[in-house]
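For reference, the structure discussed in these notes is given below.
The values are calculated or read from the model by the stated rules, or taken from the named source; none is laboratory data. Everything quoted here is computed from the prediction, not taken from an experiment. Note: ideal-geometry Cβ built from the backbone for every residue, glycine included; neighbour counts use all protein chains shown.
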Amino acid sequence: MAAPPFDLDTWLGQWRDWMTPMTDRLLQLDDRTQSGTTGERDDVAAAFVARKAINDRLDAVESAMGREPAEASTLTNQPVVDDSGGAVGSTLDDAARLLEAIIAKVEREVADREGQHAADTTVRAAIVADLDTVTQLSATLGERTNQVADLRAEAQSGRNPGATA
């Protein structure tokens, strides 16, 4: 987003339109990282802080628009800070870039982790299938082993091997 155009209502609408998918992505990540790493959860928490700071600034601009349009315009280019006074961005644009970067980073990490989990699950399924086959073959082999042992015993006893097979 750029500096506000002449029409602050349009500018604010564009920011609100931008916030909606960012919020949706963040909420999805929050769900997807519940079983994720501590780093992923910490990054999501940081993204929520940035999102709140941006939203608070947008609320302040909207509030000032009705009573003091010049103040509203000034607020659009002031540094964005979180509730504890920590800098989130030197402008709303900077704060937005930070939020987008955090979300994109966590999305990549989660996708990688989920992809690895899917690959691991596929490998485990293949191993289980192979073990099922081995179990069946070993049972068959066990039966054949017993038949061979019986034939050997017959041969060693002097009887005709295979006469009873």
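It is to be established whether one or more residues within region 31-42 are under 23 Å from Trp11 (Cα atoms) and in contact with a helix residue (DSSP H, G or I) (Cβ under 6 Å, 6 or more places away or on another chain). No, because not a single residue in region 31-42 is under 23 Å from Trp11 (Cα atoms) and in contact with a helix residue (DSSP H, G or I) (Cβ under 6 Å, 6 or more places away or on another chain). Residues of region 45-59 that are closer than 11 Å to Leu12 by Cβ and in contact with a helix residue (DSSP H, G or I) (Cβ under 7 Å, 6 or more places away or on another chain): Arg57, Leu58. Out of everything in region 54-71 that is of a type in the set (A, V, I, L, M) and more than 18 Å from Asp83 (Cα to Cα), what residue ends up being surrounded by the fewest Cβ atoms within 10 Å (Cβ to Cβ)? Going through the qualifying residues, I end up with Ala70.
Here Ala60 does not qualify as of a type in the set (A, V, I, L, M, F, W, C), free of Cβ contacts under 8 Å to residues at least 24 places away in the same chain and within 15 Å of Thr23 (Cα to Cα).
Search region 80-106 for residues being outside any helix (DSSP H, G or I) and either surrounded by 14 or more Cβ atoms within 10 Å (Cβ to Cβ) or of a type in the set (D, E, K, R) (or both), and hand back the single one that is nearest to the chain's Cα centre (by Cα). The residue in question is Val88. Note on region 122-143: residues that are at pLDDT below 75 and basic (Lys, Arg) amount to 0. Do the conditions hold for Ala87, that is, is it modelled with pLDDT of 95 or more and under 30 Å from Arg25 (Cα atoms)? Considered against the rule, which asks whether it is modelled with pLDDT of 95 or more and under 30 Å from Arg25 (Cα atoms), Ala87 comes out as yes. When region 9-39 is filtered for residues that are touching a residue at least 12 places away in the same chain (Cβ under 8 Å) and within 23 Å of Ala60 (Cα to Cα), the ones remaining, listed by number, are Asp9, Trp11, Leu12, Gln14, Trp15, Arg16, Trp18, Met19, Met22, Thr23, Leu26.
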